[in-house]
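Notes to accompany the following structure.
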C-alpha cells in the first residue's frame, strides 16, 4: 500500500470515528461547549468539533478520557469493523448419513416458513427504566440491573443515559436472572421506583 493510500484509509477512519463521537455526544444531549465545560476545558469545543469532522485524529488516551466523560465503553466511540463478506456455499449434493446409510441432499432450504405452524404470540409488555434513579439506588439488585441494562445499551447503541425501554424478550431474560416472571419483574421494578410511565 502506498503512502497516499495509507493517508486515505487513515482519513476515512478518522471521519468514521468522528461520526461515532458526534453520535454518542448527541445521544447524551451535550453540546460541544457543554463537553468543554464538563471536561474542565480538556476537550475544547473547537478541537472536539475537529475530531467529529474527521479533521484531526484522536489519541487513545484522549479517547479513553472522553469515553469516561460520556460514561460509555471506549469501544462504543469507535466505528464498527466491516468484516469482509464470506461467500455462501450452497448446500446442494452433500452426503448426509441417515438410517445407517448415506443419502444425497438435492436441495436445502434455510429459514423456510412453515405455514402450518401457528406463530407464538408474545405479550407486548415493555417497560421503561429510569437509569438516573437506578444509579442512585442502593441494594443488592442494583449491580445486576445496571450490568444487564448496560449490555442492552451497548447492543442498541443507545447512550442517552436517562432511560431505557426494555422489550418483552429482554424483560423475560432479566426476570430469569431474578428468578421471577416477566410480569413479576415489571412489578419489582415498579416497587423499586425505577419505572417511568408514559
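Being at pLDDT 80 or above, out of contact with any strand residue (DSSP E or B) (no Cβ under 8 Å at 6 or more places or on another chain), exposed (fewer than 10 other Cβ atoms within 10 Å of the Cβ) and on the phi > 0 side of the Ramachandran plot: is that true of residue 139 here?
Answer is yes for this residue.
Restricting to the stretch 176-198, count the residues that are part of a helix (DSSP H, G or I) and over 30 Å from residue 67 (Cα atoms).
10
The values are calculated or read from the model by the stated rules, or taken from the named source; none is laboratory data. Predicted, not measured: the structure shown is a model, and the values here were computed from it. In this analysis, Cβ positions are derived from the backbone assuming ideal geometry, glycine residues included, and neighbour counts consider all displayed protein chains.
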